[in-house]
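One structure is given here, and the rest of the page talks about it.
The values are calculated or read from the model by the stated rules, or taken from the named source; none is laboratory data. Keep in mind that this is a model prediction, so the values were computed, not measured. Please note: Cβ atoms are built from the backbone with ideal geometry, for glycine as well, and neighbour counts cover all protein chains shown. The area values use the complete protein model at the heavy-atom level, side chains included, leaving out ligands, DNA and RNA. Shrake-Rupley method; radii C 1.70, N 1.55, O 1.52, S 1.80 Å.
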Amino acid sequence: MADCSALQFVSPYAFEAMQKVDVMRLAALSDPELRLLLPCLVRMALCAPADQSQSWAQDKKLILRLLSGVEAVNSIVALLSVDFHALEQDANKEQQLRHKLGGGSGESILVSQLQHGLTLEFEHSDSPRRLRLVLSELLAIMNKVADSNGEFFFKSSELFESPVYLEEAADVLCILQAELPSLLPIVDAAEALLHIKNGVWFLCLLVANVPDSFNEVCRGLIKNGERQDEESFGGRRRTEALRHLCKMNPSQALRVRGMVVEECHLPGLGVALTLDHTKNESSEDGVSDLVCFVSGLLLGTNAKVRTWFGTFIRNGQQRKRETISSVLWQMRRQLLLELMGILPTVRSTHITEEAEGDTEPNVSVYSGLKEEHVVKASALLRLYCALMGIAGLKPTDEEAEQLLQLMTSRPPATPAGVRFVSLSFCMLLAFSTLVSTPEQEQLMVMWLSWMIKEEAYFESTSGVSASFGEMLLLVAMYFHSNQLSAIIDLVCSTLGMKIVIKPSSLSRMKTIFTQEIFTEQVVTAHAVRVAVTGNLSANITGFLPIHCIYQLLRSRSFTKHKVSIKDWIYRQLCETTTPLHPQLLPLIDVYINSVLTPASKSNPEATNQPITQEEILNVFQGLTGGENARLNQHYGITAQLLVLYYVLSYEEAILASSKTLAAMQRKPKSYSSALMDQIPVKYLIRQAQGLQQELGGLHSALLRLLATNYPHLCIVDDWICEEHITGTDALLRRMLLTNTAKNHSPKQLQEAFSALQSNHTQVLQILEHLTLLSAGELIPYAEALTSNMNRLLYFGIPRRILQTANRLWMALNTVMPRRLWVMTVNALQSSGKMVRQQKYTQKDLMIDPLIVLRCDQRVHRCPPLMDITLHMLNGYLLASKAYLSAHLKETAEQDIRPSHNNMMGLEATEVTREELKNALLAAQDSAAVQILLEICLPMDEEKPLGGSSYRLLKSIPGTAISGPGKKQLEEEEEEDSLLCNLREVQCLICCHLHQMFIADPNIAKLVHFQGYPCELLPLTVAGIPSMHICLDFIPELIAQPELEKQIFAIQLLSYLCIQYALPKSLSVARLAINVMGTLLTVLTQAKRFTFFMPTLPCLVSFCQAFPPLYEDIVSLLIQIGQVCASDVATETRDFDPIITRLQQLKEKPCEWARLLKEPACKTGAGDSNSTDPNVKLCHCIERTFIDIINMSVGGV
């Protein structure tokens, strides 16, 4: 500032000496420098120190000796001898008085009866009065600052402006602040000094005498400062003060700059401090601190800082006062000088001081950009992009010319050089206004041509796969397809910043690219000759050939110009590794679309060729599992997974667009089912599961495709089973793996199975050792294991062998399910069916899943093998659904043909075909359920001796066994029924049916409408948890006209009421009782006997589950008895005694119950041999009555 220019400030050397209390340095100071620090030194010498050490005592003597020769010390000593306590009390009273008077300049307690001006009073006053004068003046300024509400003002103060008494006033100020810190906080005092002339000088002296307060004062000044300092006089004054403070203490300048950014105040100060720091640094080749600082503000993640500094740039440009004093002008000038400093040679008419006199205007001749300047040049380009794109800087002609010179310079072939060229190219696209003259445009075209010519050399020399040639190609393709927004995204991505680019600004560049440099045919022909990227992964950043090919495929350039791209894509898929590059999956998707969909309707044959089956199988060659699997493979897991994704996506796309293709009369080539049979899909999926982090979205995409098209490979039970096979237990088992286990060959396993009947131990030992192997290592043993499964059906095979074989089969199922299922189904066929010359294939089993159940009957009583059979059945039922759905879509052209004559015919045909498919699937599922239920029935040899069927019928109502032998019979039968193969098979089947009913409740409804043996009802209701859904359709089943279905519904309901005593069951039971009452009135005698004989025992279960139904049931029984008795009465016999007993049973049930417990009291026993249906029905009614009474009285 002009007001302080003649004054002497504290030097950095003196300030550091004060900070460190370095007495030797202080002694070396000149008298003028020492004079500025006297207040602190005198207090230091006179006040009692806290440090009582001997070294400080010596230093204190040196200070006293230093001060002894200075005359001004005496006046400072006089100032320190004043009663500061009384002074503080008077100051507080004056503050209170001013507060009451509203801040006006009334009576002053500190200073009274001023005869002259402040300067003369100060001159004639003694030390106490001098203190009072300065304190009164400073408090007045501080009060005015507090009342100004942030508006800057400038106060004229005679006391602080007189050059004669500046040093004395400074002494008084420093002593006052040191002795009265609570009354004069140093931050508030510093803020007040900004509002007076010479305030910056006073502020620096004050801080120099209290050096520990430097950071506190700086932070306070910054926090109270303006957001934009160059907009106001106060902001510029504050900035100047802080710059002087930082010049006094340069080591803290960058820390003060950090405070500026943290508070988002005084941006000019931050730039000014950086400029000061840049001038002092000696680095020439590296990126300067100014470039780093401004780039960090504009390109950092803090949006608040970015907006704040951008406003500083915009406001600075709007001001017309672009002089040397402007911080923004100084920053731009420094950046321009740095830019010019790295150009090889510069010839410009704008910068006369650096130009030679004989140079022609606007002519540049340069050699290559120096290697040590490339990184700095890249940083400068990004900074200018940020300044122009984010902060809105408008470059001058001078800046634009130098920028264009730098952008079109030619760097060396290094990775940094590749980066520089990419940045320069994107900057040309983003700020095309930098090219304004025809000469500059020609220069740009020449530079672009040089890029195209040197691209291969740069890539080979620099070792960078992502060269700028791909970016050029990509931009050319975007221009051809008019995807200007994609170019803008590409530019922003390369520059690393989001800037606003108007599409209209790219029009001239578009013309240059599409007409002069890259025509579409040139782009297509060049792209297919570009070498694929070796070991392509996400670690290779930048723009690669894959980006160009992807864009050309999207624009259908290859098909338009009849250029084959299949081989290039196949080679690139094979040259991949982890982590997966994010562009690979979109490339495959757009390639598949170009294979199936023509480029135009006028040319339906304009499509790309699909990858051949031979090429696909070549990728999976040698992939058979086992320890040496990786040694035999020519391609990595990434390539195999990508090719698998291609095949699955291709087949799905064909099915999804089958109608469209049929309408266009196009039938693209589809891969054969044999191809998928040779690809180990499940093994690859397991490998992908362990690489999910590195494969990105590929694993989830493969799962989606499998779940849609191969649901039998996505069975939930399989995933749960894999957790056991691949979890911690498996890891522990691997630790127990011995060389003996590894030495077992498939041939040894086959030989052990051949001798199974005579030697069980050898097979068990080998199988146990095989369980220690991983699923992939078990693949070579699959053939030997499955082909000998029929040997496991021999009588006397130990259960442990069966269970171990089951474990091994489940492990193999996680890696090769489809091939394993086919081998197992063929191995388990009965010997009578092996006359079939050809074995079942995968397609046979998908067309007819019930083949799985047409196995050897002994499998039905071998639980471990039955578990395997049920697993295969579930898989093939799912596979059959997917197969039929795919077949329906593949034959969509059959639905298209009639649509030419009748549009309604298409919809009708579609509905019919869909219905037929659903009917076939429902028939398959229900047939499978019926066969499984039939397997649950005991065979003749499994039924108890003597014809007793207690085991299955003990839960059937009306078959209760009483007598002394009941308990013994229960104990004998319980062990027999629970510990047998039949019981275990029944449990497995019930679990399987439960899953089927949950997956599709309509299957349960269909099966129960078809009906099955009533002997199985106790088993199904108790063993299948989802049987409660039958309560929803039992009313509909009862309403069927067939008597058999009505009987089955009531019997089923009786078990459900016992198992699920719910309000819903009660309402359905009431309905059944009402239906029985209604049927009693409409059925003939023969049908009545047929209906009521099996359904009357069900009423016992109704009463047991719901006692409130007792009255209705008893009334129904009496009503049935009366009808039967009336029919009997028409004949010769009189059957009224039956009716009498029924009435007595209803009126006195307890007495009859006591009598009926005795065997001799079984009334009506003499009539039990009657052949009359009505008589039998009457006896059945009586037995039902007795069972109800026994149940209700005995609680059974």
query: Are there any pairs, at least 6 apart or on different chains, whose C-beta atoms fall under 9 Å, with the first in the range 64-78 and part of a helix (DSSP H, G or I) and the second open to solvent by less than 40 Å² (accessible area, probe 1.4 Å) and among the charged types (D, E, K, R), and if so, which?
result: 75/171; 76/171
query: Is at least one residue of the range 1117-1135 part of a helix (DSSP H, G or I), open to solvent by less than 40 Å² (accessible area, probe 1.4 Å) and either more than 15 Å from residue 1180 (Cβ to Cβ) or without any contact (Cβ under 8 Å) to a residue 40 or more places away in the chain (or both)?
result: yes
task: Output yes when any residue across the range 832-839 is open to solvent by 10 Å² or more (accessible area, probe 1.4 Å), within 26 Å of residue 680 (Cα to Cα) and either part of a loop (DSSP other than H, G, I, E, B) or at pLDDT 90 or above (or both), and no when none is.
output: yes
Every residue from the range 667-690 that is aliphatic (A, V, I, L, M) and buried (at least 17 other Cβ atoms within 10 Å of the Cβ): 676, 679, 681, 684, 685, 688
query: From the list 824, 740, which one is assigned to a helix (DSSP H, G or I) and at pLDDT 85 or above?
result: 824
- request: Could you identify the single residue in 226, 216, 230 that is surrounded by 22 or more Cβ atoms within 10 Å (Cβ to Cβ) and touching a residue at least 24 places away in the same chain (Cβ under 8 Å)?
  value: 230
- request: Search the range 233-251 for residues being of a type outside the set (A, V, I, L, M, F, W, C) and over 17 Å from residue 220 (Cα atoms), and hand back the single one that is surrounded by the fewest Cβ atoms within 10 Å (Cβ to Cβ).
  value: 251
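One line per residue, one yes/no per condition, for (1) more than 30 Å from residue 377 (Cβ to Cβ); (2) assigned to a helix (DSSP H, G or I); (3) within 34 Å of the chain's Cα centre (by Cα):
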{"residue": "505", "(1), (2), (3)": "no, yes, no"}
{"residue": "510", "(1), (2), (3)": "no, yes, no"}
{"residue": "531", "(1), (2), (3)": "no, no, yes"}
{"residue": "550", "(1), (2), (3)": "yes, yes, yes"}
{"residue": "562", "(1), (2), (3)": "yes, no, no"}
{"residue": "581", "(1), (2), (3)": "no, no, yes"}
{"residue": "587", "(1), (2), (3)": "yes, yes, yes"}
{"residue": "598", "(1), (2), (3)": "yes, no, no"}
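If only one of 270, 286 is touching a helix residue (DSSP H, G or I) at 6+ places or on another chain (Cβ under 8 Å), touching a residue at least 60 places away in the same chain (Cβ under 8 Å) and among the small types (Gly, Ala, Ser), which one is it?
286
To keep it simple, each residue is scored yes or no on (1) surrounded by 15 or more Cβ atoms within 10 Å (Cβ to Cβ); (2) farther than 23 Å from residue 1043 by Cα.
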| residue | (1), (2) |
| --- | --- |
| 996 | yes, yes |
| 1001 | yes, yes |
| 1006 | yes, no |
| 1011 | yes, no |
| 1023 | yes, yes |
| 1027 | yes, no |
| 1032 | no, no |
task: Considering only the range 870-961, give the helices (runs of 4 or more DSSP H) lying wholly within it that have at least 1 residues that are at pLDDT 85 or above and touching a Lys or Arg at 6+ places or on another chain (Cβ under 7 Å).
output: 903-936
statement: Per the list (1) closer than 30 Å to residue 1056 by Cβ; (2) at pLDDT below 80, residue check on residue 1137 breaks on (1)
field: Looking only at the range 7-35, and only at residues there that are more than 26 Å from residue 55 (Cβ to Cβ) and not in a loop (DSSP other than H, G, I, E, B), the one that is most open to solvent (accessible area, probe 1.4 Å)
entry: 31
query: For the range 261-278, which residues satisfy the criterion of being buried (at least 24 other Cβ atoms within 10 Å of the Cβ) and outside any helix (DSSP H, G or I)?
result: 266
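Hey, among 357, 341, 286, 310, which residue is part of a helix (DSSP H, G or I) and either modelled with pLDDT under 85 or crowded, with 18+ Cβ neighbours inside 10 Å (or both)?
310
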task: Check whether at least one residue in the range 401-408 is within 43 Å of the chain's Cα centre (by Cα), in a helix (DSSP H, G or I) and among the β-branched types (Val, Ile, Thr), and report yes or no.
output: no
query: Can residue 865 be described as surrounded by fewer than 22 Cβ atoms within 10 Å (Cβ to Cβ) and either touching a strand residue (DSSP E or B) at 6+ places or on another chain (Cβ under 9 Å) or at pLDDT 90 or above (or both)?
result: no
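Let's see how each residue does on (1) modelled with pLDDT of 70 or more; (2) open to solvent by less than 40 Å² (accessible area, probe 1.4 Å):
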position	(1), (2)
73	yes, yes
76	yes, yes
79	yes, yes
88	yes, no
98	yes, no
106	no, no
111	no, yes
- line: The correct count of residues that are among the aliphatic types (A, V, I, L, M), open to solvent by less than 20 Å² (accessible area, probe 1.4 Å) and assigned to a helix (DSSP H, G or I) in the range 177-213 is 11
field: Of the criteria (1) crowded, with 19+ Cβ neighbours inside 10 Å; (2) within 17 Å of residue 532 (Cβ to Cβ), which one residue 594 fails
entry: (2)
task: Starting from the range 419-432, take each residue that is under 15 Å from residue 512 (Cβ atoms) and list its partners that are of a type in the set (D, E, K, R) and open to solvent by 10 Å² or more (accessible area, probe 1.4 Å), counting only C-beta distances under 9 angstrom and pairs at least six apart or across chains.
output: 432/508
- request: Tally the residues that are assigned to a loop (DSSP other than H, G, I, E, B) and within 15 Å of residue 1040 (Cα to Cα), restricting the search to the range 1072-1087.
  value: 1
message: Just to be sure before I move on: is residue 771 touching a Ser or Thr at 6+ places or on another chain (Cβ under 7 Å), more than 29 Å from residue 880 (Cα to Cα) and modelled with pLDDT of 90 or more in the structure I sent?
response: no
message: Just checking, does the range 656-666 include any residue being farther than 18 Å from residue 815 by Cβ, surrounded by 20 or more Cβ atoms within 10 Å (Cβ to Cβ) and modelled with pLDDT of 85 or more?
response: no
message: Tell me whether the range 20-32 contains one or more residues that are over 60 Å from the mean Cα position of the chain (by Cα), under 30 Å from residue 133 (Cα atoms) and modelled with pLDDT of 85 or more.
response: yes
